[in-house]
């Protein structure tokens with residue numbers, strides 16, 4: 001039987017000069033990346049090279065950047081796998097114009113130009129603004145935990161790091177004695193490392209320990225004295241007490257990535273990683289991307305809001321209308337901060353917002369815990385709070401001899417304001433105010449700071465924020481938070497697969513996170529252009 005087949009000769013040469021553009025369809029992602037990179041200002045990349053043209057030839061930064069962006073768009077970050085794709089993948093060959101830089105060249109390019117790569121975020125945001133994709137009316141702020149390129153088990157205490165330095169020195173001495181004998185050692189090549197890289201990481205870890213906030217009483221008092229000497233002013237507020245200072249385990253630093261931290265993660269307990277702070281519009285365009293090494297989101301609300309305003313001003317996107325954030329960012333200071341826009345922050349976790357439990361019922365649950373009828377975790381599930389809250393409140397309201405305090409709710413401003421005003425005028429003592437209001441001395445200090453105009457009372461700020469969230473406009477705006485920021489993290493982590501940083505150190509990780517967010521925006525821009 002004769003079969004009509006298409007014949008082809010593998011040894012047949014091209015009859016005409018080939019064009020790499022003919023190898024892909026015209027709407028391929030590779031051509032979109034090529035066109036975007038051509039529109040970017042790459043002055044910072046070219047400025048890193050000699051202006052006189054001397055020295056060995058280098059790969060064109062425009063081509064290298066195109067390869068890097070396309071790789072991140074397709075979920076590929078390994079320099080070795082990118083090198084392989086430059087040979088086997090047609091799209092990579094089109095972007096690289098049939099050039100094949102090796103993995104070392106790719107890695108050096110990414111490290112050498114990390115600041116310029118991070119700065120591309122603003123340019124990409126500007127392209128989104130020009131395309132009409134950025135709506136400044138509402139910006140949602142949130143953070144996500146991302147693993148560091150380091151092991152949790154590489155954390156060491158100061159004593160362990162010091163022992164490692166001594167052991168490393170002894171190991172190097174023994175190696176040099178064996179290598180040189182009685183010689184000076186100058187005969188060795190200059191690139192003999194002798195474990196230098198590991199010692200540098202250990203030194204960096206020691207420096208991180210020095211920079212961490214002290215937890216012991218003596219060190220905290222020394223830090224307090226140093227700040228007062230530097231500013232020339234006394235620090236307000238209660239001084240640390242020897243018996244009240246928290247005494248957790250010894251401080252540790254990671255020898256692989258000293259800038260990373262042990263971060264609490266609700267799905268995995270703890271992880272070695274970073275907290276990536278992000279702001280996005282209701283159309284899921286990332287408008288700010290920063291990286292921190294702390295679990296708590298509260299200190300980062302004002303900085304990320306300021307970063308959004310700066311990025312908008314640079315990109316010409318106007319001013320933000322409203323910032324929205326979840327309860328992880330709630331503080332009275334954040335709620336009343338001057339950020340150039342309206343602020344909506346949830347004041348309590350979602351479980352509390354779903355079912356508000358009367359104070360008398362809370363006290364009844366705590367009484368059952370005190371009698372041993374409920375465990376801390378069972379009570380926490382009933383009340384919608386953590387077991388540590390249940391433990392602390394049980395200790396507060398109950399003791400061996402019965403109830404310690406009859407009050408279960410904080411006094412309202414109308415009740416405590418006259419009492420605290422008397423305290424501010426010196427008419428009553430602080431102890432008398434505590435007894436009259438049935439609150440702790442720390443709570444009285446906070447109330448006193450509010451009366452003096454030094455700080456906003458958190459309870460007053462909470463009531464005002466709850467009123468805003470309960471209004472029709474506030475409720476409608478806050479409901480947009482989840483649909484604005486959560487899809488960004490879903491695309492980055494699930495679709496692109498970026499759950500772990502590949503670089504180490506805060507500057508490198510910050511540059512990588514901005515590149516990831518830039519790629520997310522570029523993919524949104526391409527989708528919008530395709531559907532227009």
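Read-outs: derived from the displayed coordinates by stated rules, not from any lab. Small disclaimer: the values here were computed from a predicted structure and weren't measured. Glycine also receives a Cβ, built like all others from the backbone with ideal geometry; neighbour counts cover every protein chain displayed.
Please give the FRET efficiency for residue 296 paired with residue 339, using the beta carbon to beta carbon distance and R0 = 22 Å, rounded to the nearest 0.05.
That gives a FRET efficiency of 0.75.
Kindly put 421, 290 in sequence by how many other C-beta atoms sit within 10 Å of each C-beta, fewest to most.
Final ranking by Cβ density, sparse to dense: 421, 290.
Using only the Cα atoms, work out Rg/Rh for region 20-112, with Rh taken as the Kirkwood radius, to two decimals.
0.96
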